[in-house]
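Every number here is computed from the coordinates shown, using simple stated rules; none is lab data. As the structure is a computational prediction, the values presented were derived from the model and not from experiment. Don't worry about glycine lacking a Cβ; one is built from the backbone with ideal geometry, like all the others, and counts go over all protein chains shown.
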Amino acid sequence: MYKIRHDRPNCIGCNACANIAPNFWTMSAMDGKSDIIGSQLGEDGWEELDISDADFDLNLASAESCPVNVIHLIQIGTGKQLI
């Protein structure tokens, strides 16, 4: 299992993540930034969502496409940040 962490305050709204993984990412009509669908929003503005191993590759591609590196994948259990 993995966790997606999204530094939403620093998102520039480029839409790359939503283009790659529209079942996980959407663009906010309020401010044009991306949101993780079904995520929890922390007080710091960061979003988090646990994902299965099967969803890892798609979200890795989304994270790698982000020009400002605000999408992070963390392995649950070890806490190791993979991106």
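See the values below:
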read-out	value
DSSP-assigned coil residues among trypsin sites (Lys or Arg not before Pro) in the chain, each with at most 11 further Cβ atoms within 10 Å	K80
Where only alpha carbons of region 2-75 are counted, the Rg and the Dmax (Å)	10.8, 31
Debye, to nearest 20: dipole size of the chain, +1 on Lys, Arg Cβ, -1 on Asp, Glu Cβ	120 debye
Dipole of region 2-75, positive end: most advanced residue of P22, P67, P9 [Cβ charges, Cα centre]	P67
Degrees, to the nearest 10: 56-65 long Cα axis against longest axis of the chain	40 degrees
Mean Cβ count within 10 Å, highest first, over the residues of peptides 41-50, 8-17	8-17, 41-50
Net charge contributed by nearby residues that have their C-beta within less than 11 Å of G42 (K/R +1, D/E -1)	-3
Amide hydrogen neighbours beyond the local backbone of G13, cut-off 5 Å, H modeled	S34
